[in-house]
Amino acid sequence: MDARPVLKVAVVACMDARLDLHAALGLELGDCHTIRNAGGVVTDDVIRSLTISQRALGTRSVILVHHTGCGLETITEDFRIELEEEVGQRPAWAVEAFRDVDQDVRQSMQRVRTSPFLLHADDVRGFVFDVTTGLLREIDPAV
């Protein structure tokens, strides 16, 4: 099987175990690249992965999937301070906690669209997966 996704799509999503991305998006193995982390946050490392996915492996569309009941809605940036107190060093990364999942999807869409490293940054769609109903809701980036 080729490493190039059949549908030329890269998906960025939360690592939450309740989220079956392939089922939710109607995708099969080999259809897309999948990048997951806590919250589905578009970090520098996600931009790195998307850039490789696009420029070296031919993807053209980016789909962002966040979800209801995300753990990042319940913690704060104080988590970093707690880590520093426990291990003696504060992490360089941000927690990226949020309170409004729709707005967080919009922020992620904006980060993808404005990255100078990504191609076709206008082909970005964002969704919220409802962990109770299993349904996806598309987010309007302009609201």
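The values are calculated or read from the model by the stated rules, or taken from the named source; none is laboratory data. As the structure is a prediction and not an experimental result, all values here were calculated from the model. Counting neighbours? That spans all protein chains shown, and the Cβs are built from the backbone with ideal geometry, glycine included.
Brief remarks on what is shown
- Restricting Val65, Val112, Val46 to those that are β-branched (Val, Ile, Thr), farther than 20 Å from Asp140 by Cβ and surrounded by 20 or more Cβ atoms within 10 Å (Cβ to Cβ) reduces the list to Val46.
- Restricting attention to the range 36-66, the residues that are touching a Cys at 6+ places or on another chain (Cβ under 6 Å) and either more than 21 Å from Lys8 (Cα to Cα) or assigned to a loop (DSSP other than H, G, I, E, B) (or both) add up to 1.
- Some residue of the range 13-34 being in a loop (DSSP other than H, G, I, E, B), of a type in the set (Asp, Glu) and under 26 Å from Val95 (Cα atoms): yes
- Count of the range 107-122 residues which are of a type outside the set (A, V, I, L, M, F, W, C), more than 15 Å from Cys14 (Cα to Cα) and assigned to a helix (DSSP H, G or I): 4
- Scanning the range 77-100 for residues that are over 26 Å from Gln54 (Cα atoms), touching a residue at least 12 places away in the same chain (Cβ under 8 Å) and of a type outside the set (Asp, Glu) yields Phe79, Arg80, Val95, Ala97, Phe98, Arg99.
- Scoring Asp123 on the criteria (1) at pLDDT 95 or above; (2) closer than 29 Å to Arg4 by Cβ; (3) touching a strand residue (DSSP E or B) at 6+ places or on another chain (Cβ under 7 Å) leaves a single failure, condition (1).
- Taking the criterion of being free of Cβ contacts under 8 Å to residues at least 24 places away in the same chain and within 11 Å of Leu119 (Cα to Cα), the only residue of the range 39-55 that qualifies is Ile52.
- Qualifying position, being touching a Ser or Thr at 6+ places or on another chain (Cβ under 6 Å) and part of a loop (DSSP other than H, G, I, E, B), among Ala142, Ala97, Ala92: Ala97
- Any hit, the range 123-135, residues being assigned to a helix (DSSP H, G or I), in contact with a helix residue (DSSP H, G or I) (Cβ under 6 Å, 6 or more places away or on another chain), surrounded by 12 or more Cβ atoms within 10 Å (Cβ to Cβ) and touching a residue at least 12 places away in the same chain (Cβ under 8 Å): no
To keep it simple, each residue is scored yes or no on (1) within 20 Å of Val105 (Cβ to Cβ); (2) acidic (Asp, Glu).
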position	(1), (2)
Leu57	no, no
Val65	yes, no
Cys70	yes, no
Ile75	yes, no
Glu85	no, yes
Gln89	no, no
